[in-house]
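Nothing in this text is a laboratory measurement; each read-out follows from the coordinates by a stated rule. Owing to the predicted nature of the structure, the values given are computational and were not obtained by experimental measurement. When we count neighbours, we look across all protein chains shown, and the Cβ atoms used for this are built from the backbone with ideal geometry, even at glycine.
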Ligand SMILES: [Zn+2]
């Protein structure tokens with residue numbers, strides 16, 4: 001039995017739909033309901049619109065963080081971890097492998113938890129690194 005690509009539930013009756021970042025990279029996924037279909041399409045739209053913002057949100061803080069590390073390591077690590085955590089929570093994009101394993105819904109939640117842990121780690125770094 002196949003799993004729904006959005007909610008990860010197993011179902012007897014799954015429908016095949018096409019989703020993708022652009023027309024040349026469409027893939028077939030299976031969904032269990034109208035709701036899961038519209039959610040997964042919405043998710044792809046959201047990823048499509050925000051991919052560059054996501055990448056910039058990851059790369060710019062790493063860049064700034066590395067420079068800051070030379071002067072004040074605790075602040076550098078904090079900026080890096082907290083910004084990455086924040087971006088991951090805002091845009092919980094997951095790899096296709098993760099989403100296949102858990103369904104997008106759970107995979108996004110896992111990404112958000114990861115983002116939260118990054119922020120917590122950043123705060124610890126700010127407090128404990130001298
Ligand atoms: Zn579903």
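Taking a label point 7 Å from the Cα of residue 123 along the Cα→Cβ vector, which residues of segment 77-93 have an amide N closer than 12 Å to it?
The answer is 82.
Which angle from 0 to 90°, rounded to the nearest 10, does the C-alpha axis of helix 34-71 make with the longest principal axis of the chain?
The helix 34-71 is inclined about 20 degrees to the chain.
What are the equivalent ellipsoid semi-axes of segment 1-120, built from the alpha-carbon gyration tensor (square roots of five times its eigenvalues), in whole angstrom, biggest first?
Working: eigenvalues 233, 45, 17 Å².
Semi-axes (√(5λ), whole Å): 34, 15, 9.
Normalised by the residues of the chain, what does the relative contact order come to in percent, with Cα pairs under 8 Å and at least six apart? Intermediate values should be presented prior to the final figure.
Details: 193 pairs, mean separation 32.5, N = 130.
Here the relative contact order equals 25 percent.
If you line up the Cα atoms of segment 66-128 on their principal axes, what length do they span on each, largest first, in Å?
That works out to 42, 19, 16 Å along the principal axes.
Tell me the angle of helix 104-128 to the major Cα principal axis of the chain, expressed in degrees between 0 and 90 and rounded to the nearest ten.
Tilt of helix 104-128: around 10 degrees.
Mean residue ellipticity at 222 nm from the helices of the chain, using -39,500 (n - 2.57) per DSSP H segment of n ≥ 4 over the full residue count, to the nearest 500 deg cm²/dmol?
On the way: 4 runs with 88 residues, N = 130.
Here the helix-only value at 222 nm equals -23500 deg cm²/dmol.
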